[in-house]
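Undergrad: I am attaching a structure below and will ask some questions about it afterwards.
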Amino acid sequence: MELKVLESPGAEWDRFASRYTDLIFYQSAWSEVLRKGLGGQPLYFCLREGGGIVAGLPGVLLDFKIFRVLYASIPYGNMIGEKSYFEPFAELLNREFPEMGIHQVRITDSPFSEPLLPYHFRQETAKCTLLDLRGIDKEGVWNSYKKYIRRDVRKGQRSGVTIRAGASRNCVKTFYELYLASMERNRAMAKYPFRWFETLYGEMVERGTGDFLIAEWNGTPVAGVVLIHSITTLHYFHNGSRPEFLKLCPNELLVHFSLEKAIEQGDSFFDFMGSDRADLSLIKFKEKWGGRSVDLNTYVKDYHALRPRLWEWGKRAMNTRPGSWLLKRVRS
C-alpha cells in the first residue's frame, strides 16, 4: 500500500469517487470551487494498491499563516473506498498530517452515508435536514404541505413576488447583498467572501450544475438562494433575504420553487444542508416542508497544542458585534 497526495485530482479520482458517492463535493470539479473561491489548496489523499485507488479522502488546505487547517472537503467530506482499508489509511494519514505542517483536521460526514468516526478525533454535531422526493410529483409535494405553508406560498404569489434565475454574473452581487443582510439580521459573521459566490457562479452555474435564484418584488431583490446539483440530490446551499420584506414570504416561495425544480429534474432528495443544533428556528423552517433532520458529525483533531485554540478564540471574537463590524470594514 502507498499513500499519494494529489493537488489536482483528475479523471482517475473521479472514477474512483463515483463508485462510492454521487455527491459533487467529492468530484474534482468541486476542488476548483474550493481553490478559487476560498484560496485553498486542494489535497486529495489516496491509498493505492495494485495499481489503483482503494481508499481516499478529499480535502482543501486553508493557510491562514499562523494556522493551517485541512477541511475534508466542504461541506461534506470523509473517507470513501473499500472499508477494509480505512484503518491502515487512517494510520498513514495520522502520520502524514503533522509532517505537512497541518495544525488541525476537520472531517464531516455526509448525510447520505454511514457515520465514520476517525481514530482519536473529537466530535461536533450539527443537524442536516433531508427531504425524500422519491415517488413524489409536483401535486404530491403541494398536497404534503401543511395548510399554513400553502397559505404562505400563495401569499407570496398574490403579493407579486416573482422568482428569476440569475442569467448573468450580475446576480452574484445581488445575492451577496442579500446574504450579508441575513448575516447582519442574525448577528453572525459572514464567513464567505464575495469571490466564493463568484466562483460558485463561474464553476457551477455556468457549467450547468448550479443556480442562483432571486426573488423580486416590484423589481427589488428581496431574497435569494444558491442551489447546487449532485446527480440525485438538489442542495439548498446558501440563502439570503432582506428582513423588511419577510412578511411577503419570499423564502417560502423560493423553497417551493426549488422543490418543484428538483422534482422536474428527477432528483431523489432535497438537501437543506446543515444547521447549528442551537438554531431551532432555522431547523423548524427546514423541517416544516416535510424534511427529516439527522445528526451531521464533524470530527476534529488538533496537531498543534496552541494554534487551534488561538484560532477558535479569534472566530468567537469575529462573531461578536464589534468583531463583525471590524471584519466588514476589512473586507470593504
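What follows draws every value from the coordinates through simple rules; no lab data is involved. Keep in mind it's a predicted model, so treat the numbers as computed, not measured. Cβ sites come from the backbone with ideal geometry, for glycine too, and all protein chains shown count toward neighbours.
Undergrad: Based on the alpha-carbon set only, what is the convex hull volume of segment 135-267 divided per residue, in Å³? The partial results should precede the final answer.
TA: Numbers: hull volume 14.6 nm³, N = 133.
It comes to 110 Å³ per residue, whole-number rounded.
Undergrad: I'd like to know which of G208, W196, L180 lies farthest towards the positive end of the charge dipole of segment 135-267, counting +1 on Cβ of Lys and Arg and -1 on Cβ of Asp and Glu.
TA: Sorting the options by dipole projection puts first L180.
Undergrad: Still on this structure: Tell me the volume per residue, in Å³, of the convex hull enclosing the alpha carbons of segment 234-304.
TA: Working: hull volume 10.1 nm³, N = 71.
Dividing the Cα hull volume of segment 234-304 by its residue count gives 142 Å³.
Undergrad: Could you give the length gained on full extension between L117 and L180, defined as 0.36 nm per residue of separation minus the Cα-Cα distance, in nm? Can you show the working numbers first?
TA: Numbers: separation 63, 0.36 × 63 = 22.68 nm, distance 3.44 nm.
Result: 19.2 nm gained on full extension.
Undergrad: Ok, one more. Per 0.36 nm of contour for each residue apart, how much would the distance between N170 and W142 grow if the chain were fully extended, relative to their Cα-Cα spacing? Show your work: numbers first, answer last.
TA: Numbers: separation 28, 0.36 × 28 = 10.08 nm, distance 3.22 nm.
The N170-W142 span can extend by a further 6.9 nm.
Undergrad: If Lys and Arg each add +1 and Asp and Glu each add -1, what is the summed charge of the other residues whose beta carbon sits under 15 Å from the beta carbon of F245?
TA: Numbers: positive: K155, R158, R185, R242, K247; negative: D152, E177, E184, E216, E244, E252.
Taking every other residue near F245 into account, the sum is -1.
Undergrad: What does the net charge come to around E12 if you take all other residues with beta carbon closer than 12 Å to its beta carbon, with K and R at +1 and D and E at -1?
TA: Values: positive: K4, R15, R19, R48; negative: D14.
Value of the local net charge: +3.
Undergrad: Using the Kirkwood radius over Cα pairs, work out the Stokes-Einstein diffusion coefficient for segment 94-175 at 20 °C and 1.002 mPa s, in µm²/s as a whole number. Walk me through the numbers before you get to the answer.
TA: On the way: Rh = 18.6 Å.
It diffuses with D of about 115 µm²/s by this estimate.
Undergrad: What does the highest-first list of 72-84, 108-120, 249-261 look like by mean Cβ count within 10 Å?
TA: On the way: 72-84: 20.0, 108-120: 16.6, 249-261: 22.6.
Top of the packing list down: 249-261, 72-84, 108-120.
Undergrad: While we're looking at this one, here's another question. Nothing charged except the Cβ atoms of Lys and Arg (+1) and of Asp and Glu (-1): what's the magnitude of the dipole of the chain about its Cα centre? Round to the nearest 20 debye.
TA: Values: 47 positive and 39 negative charges, 343 e Å.
Computed charge dipole of the chain: roughly 1640 debye.
Undergrad: Could you name the lysines whose alpha carbon sits less than 25 Å from that of K155, not counting residues in the same chain fewer than 8 places away?
TA: Excluding near neighbours in sequence, the set is K138, K146, K147, K247, K261, K284, K286, K288.
Undergrad: Considering only the other residues whose Cβ falls under 9 Å of the Cβ of D302, what net charge follows from Lys and Arg at +1 and Asp and Glu at -1?
TA: Details: positive: R122, K301, R307, R309; negative: none.
Computed value for this residue: +4.
Undergrad: Measuring from centroid to centroid over Cα atoms, what is the spacing of segment 40-104 and segment 197-237 in Å?
TA: Distance between centres, Cα-based: 29 Å.
Undergrad: Starting from the Cα-Cα distance between E198 and R277, subtract it from 0.36 nm times their residue separation and give me the gain in nm to one decimal.
TA: Net length gain for the segment: 25.5 nm.
Undergrad: Once you treat every alpha carbon in the chain as an equal point and sum by Debye, what is log10 I(q)/I(0) at q = 0.07, 0.16 Å⁻¹?
TA: Ignoring solvent entirely, the Cα scatterers give -0.30, -1.52.
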